[in-house]
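Report on one structure; see the data block that follows.
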Amino acid sequence: MVELDYLVIGHVTRDLVDGGFTIGGTVSYAGRTARALGCRVGAITSASPDLDLNGVLDGVIVTRYPAATTTTFKNIYSADGRQQVLHGVAETLVPAMVPPHWRATIVHLGPVAQECDPALVNVFGDVFVGLTPQGWMRHWDRAGHVNPCQWEMAEELLARADAVVLSEEDVAGDEPLMARYAAQTRLLVVTHAAAGCTVYMAGQSRHFPAPAVHEVDPTGVGDIFAAAFFVRLQRCGDPWTAARFANCVAACSVTRAGLSGTPSAEEVAHCERALEALGG
């Protein structure tokens, strides 16, 4: 039996940058963050055999399914937000791909391109399930241009989830939609980039501002926030404390580019001390 503290499921990605690429995807950013938080981490993903993950998921137990291509994104940032172009998608991840001898305390379903079969939510019994549904809320045209779409099976997945983290960009700022999602799940967090996050629970909502930092690269910050939030919430049971902690960890992340933005042990300790100073 393999006992995991944190299992993340989704595609690693090739993120095209300046004529080359970096490795990305929720699996990469959230997996590395959970490791920094002291978790024993597992990942289930799919990518082409030529994608070298050495140094990316060190210390993470990876089950990797081969694919003809790796999920590949071009991220274009402007004053109007992020535009994405999708150049390929790896294999769909289905329940049969979950090793039967794996057990996890936290399961994080983190699709980036519709790759996680919604049936995965029912594989793990009554363990803590966290969702970052952005990849279920995207579609793309023949040229690969990515746009928001309706989240199919949202009601069923929201009902099962213990916590859901999405960005206001994911829902195009649609406040009635956020309110509907909040009413359908135990705990919803909507992130607002540099403005922090809003936590919705049991008919209440509270906004938590993020620390002010110099932003270098926001790629992956939502996944880093989500992993920090899920781990802290599962450990302490207090969503307000978890939101403050995740804001702090995420703020540190945007000060560096790409995967180098995932937290260090020193940054985790800094955020822990900041919480203690607030009595959290």
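The values are calculated or read from the model by the stated rules, or taken from the named source; none is laboratory data. Source: prediction; values computed, not measured. Neighbour counts are summed over all protein chains in view; Cβ atoms, including those assigned to glycine, are modelled from backbone coordinates with ideal geometry.
Does Pro111 satisfy being in contact with a strand residue (DSSP E or B) (Cβ under 9 Å, 6 or more places away or on another chain), surrounded by fewer than 17 Cβ atoms within 10 Å (Cβ to Cβ) and assigned to a loop (DSSP other than H, G, I, E, B)? When the stated conditions are applied, Pro111 does not pass them. Can you say whether Ala67 is surrounded by fewer than 21 Cβ atoms within 10 Å (Cβ to Cβ) and closer than 30 Å to Gly19 by Cα, as far as the supplied structure shows? Considered against the rule, which asks whether it is surrounded by fewer than 21 Cβ atoms within 10 Å (Cβ to Cβ) and closer than 30 Å to Gly19 by Cα, Ala67 comes out as yes. Under the condition of being outside any strand (DSSP E or B) and either among the polar types (S, T, N, Q) or in contact with a Ser or Thr (Cβ under 7 Å, 6 or more places away or on another chain) (or both), the residues counted in segment 72-96 number 4.
In the set Ala250, Ala210, Ala257, only one residue is within 23 Å of Ile9 (Cβ to Cβ) and either touching a Phe, Trp or Tyr at 6+ places or on another chain (Cβ under 8 Å) or touching a residue at least 24 places away in the same chain (Cβ under 8 Å) (or both); that residue is Ala250.
Would you mind finding the one in Ala113, Ala161, Ala119 that is within 19 Å of the chain's Cα centre (by Cα), over 18 Å from Asp223 (Cα atoms) and at pLDDT 95 or above? Break it down into steps so the answer makes sense when it comes.
Numbers: Ala113 fails: over 18 Å from Asp223 (Cα atoms); Ala161 fails: over 18 Å from Asp223 (Cα atoms).
On inspection, the qualifying residue turns out to be Ala119.
Every listed requirement among (1) small (Gly, Ala, Ser); (2) at pLDDT 95 or above; (3) crowded, with 16+ Cβ neighbours inside 10 Å is met by Ala183 save one, (3).
Listed here are the residues, each with its yes/no results for (1) more than 20 Å from Val129 (Cβ to Cβ); (2) modelled with pLDDT of 95 or more; (3) among the β-branched types (Val, Ile, Thr); (4) not in a loop (DSSP other than H, G, I, E, B).
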{"residue": "Asp5", "(1), (2), (3), (4)": "no, yes, no, yes"}
{"residue": "Tyr29", "(1), (2), (3), (4)": "no, yes, no, yes"}
{"residue": "Thr45", "(1), (2), (3), (4)": "no, yes, yes, yes"}
{"residue": "Val56", "(1), (2), (3), (4)": "yes, no, yes, no"}
{"residue": "Tyr65", "(1), (2), (3), (4)": "yes, yes, no, yes"}
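In the set Trp136, Trp151, only one residue is in a loop (DSSP other than H, G, I, E, B), surrounded by 14 or more Cβ atoms within 10 Å (Cβ to Cβ) and at pLDDT 95 or above; that residue is Trp151.
Being among the small types (Gly, Ala, Ser) and free of Cβ contacts under 8 Å to residues at least 24 places away in the same chain is a description that does not apply to Ala90.
Do the conditions hold for Gly130, that is, is it under 17 Å from the mean Cα position of the chain (by Cα), in a strand (DSSP E or B) and surrounded by 16 or more Cβ atoms within 10 Å (Cβ to Cβ)? Talk me through it step by step, then tell me what you get.
Numbers: under 17 Å from the mean Cα position of the chain (by Cα): yes; in a strand (DSSP E or B): yes; surrounded by 16 or more Cβ atoms within 10 Å (Cβ to Cβ): yes.
Yes, satisfied.
For residues that are β-branched (Val, Ile, Thr) and part of a helix (DSSP H, G or I), scanning just segment 217-254, find the one that is surrounded by the fewest Cβ atoms within 10 Å (Cβ to Cβ). Spell out how you get there, then give the answer.
Narrowing segment 217-254 to residues β-branched (Val, Ile, Thr): 219, 221, 224, 231, 241, 249, 254.
Narrowing further to those that are part of a helix (DSSP H, G or I): 221, 224, 231, 241, 249.
Working: Val221: 23, Ile224: 27, Val231: 28, Thr241: 17, Val249: 27.
Among those residues, the one meeting the criterion is Thr241.
Glu276 meets all of the listed conditions (1) touching a residue at least 12 places away in the same chain (Cβ under 8 Å); (2) more than 26 Å from Asp170 (Cβ to Cβ); (3) among the charged types (D, E, K, R) but one, namely (1). Residues in segment 119-168 that are in contact (Cβ under 8 Å) with a residue 12 or more places away in the chain and among the basic types (Lys, Arg) were compared, and the one that is farthest from Cys236 (Cα to Cα) is Arg138. What are the residues in segment 184-238 that are out of contact with any helix residue (DSSP H, G or I) (no Cβ under 8 Å at 6 or more places or on another chain) and among the basic types (Lys, Arg), if any? Hits for segment 184-238 are Arg186, Arg235. Taking the criterion of being among the polar types (S, T, N, Q) and buried (at least 18 other Cβ atoms within 10 Å of the Cβ), the residues of segment 186-216 that qualify are Thr191, Thr198. Return yes when Val165 is in contact with a helix residue (DSSP H, G or I) (Cβ under 6 Å, 6 or more places away or on another chain) and either basic (Lys, Arg) or over 24 Å from Ile106 (Cα atoms) (or both) and no when it is not. No, not satisfied.
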